[in-house]
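Below is one structure, written out as structure tokens; the observations come after it.
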Amino acid sequence: MTCPACTTAAQQVSAMFVNGCPCCMARSAARSPQYREARDAGRITHGYRLLLEGYYGAGCDLAQAHERVKAAAAVDFEAKERAE
Ligand SMILES: [Zn+2]
């Protein structure tokens, strides 16, 4: 599940997102302060939950949505740079 914007983002810093693309959506969530807060807290925080529901709809599978966002963060070049 990658599109050209996601392929580019895996190789260099990119702020390109394709509307409606699931991997771009996950990558955009992965760059949010809410995601970082949840990651640091080691749990799905209230703000992060609201963000996930905004992306995936209220009542979505939060654990599954979080896995998608984590996977997107793992391949996001920009996130990697920030972590170093
Ligand atoms: Zn994409």
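Read-outs throughout are calculated quantities, based only on the coordinates presented, and are distinct from any laboratory measurement. All figures in this text were calculated on a predicted structure; none of them were measured in a lab. Methodologically, a virtual Cβ is constructed for each residue, glycine included, from the backbone with ideal geometry; neighbour enumeration extends over all protein chains shown.
Quick one: count up the residues across region 7-27 that are without any contact (Cβ under 8 Å) to a residue 24 or more places away in the chain and in contact with a Phe, Trp or Tyr (Cβ under 9 Å, 6 or more places away or on another chain). Residues flagged as without any contact (Cβ under 8 Å) to a residue 24 or more places away in the chain and in contact with a Phe, Trp or Tyr (Cβ under 9 Å, 6 or more places away or on another chain) within region 7-27 amount to 2.
Please count how many residues of region 1-13 are assigned to a helix (DSSP H, G or I) and either among the acidic types (D, E) or more than 9 Å from the ligand (Cβ to nearest atom) (or both).
Within region 1-13, the first condition is being assigned to a helix (DSSP H, G or I), and the residues that meet it are 4-11.
Filter once more, so that each one left must be either among the acidic types (D, E) or more than 9 Å from the ligand (Cβ to nearest atom) (or both): 8, 10-11.
Selection size over region 1-13: 3.
Got at least one residue in region 69-82 being more than 10 Å from the chain's Cα centre (by Cα) and aromatic (F, W, Y)? The answer is yes, given that some residue of region 69-82 is more than 10 Å from the chain's Cα centre (by Cα) and aromatic (F, W, Y). Taking the criterion of being of a type in the set (G, A, S), exposed (fewer than 13 other Cβ atoms within 10 Å of the Cβ) and not in a helix (DSSP H, G or I), the residues of region 19-44 that qualify are G20, G42. Among the conditions (1) within 16 Å of the ligand (Cβ to nearest atom); (2) surrounded by 15 or more Cβ atoms within 10 Å (Cβ to Cβ); (3) among the aliphatic types (A, V, I, L, M), M16 misses just one, which is (2).
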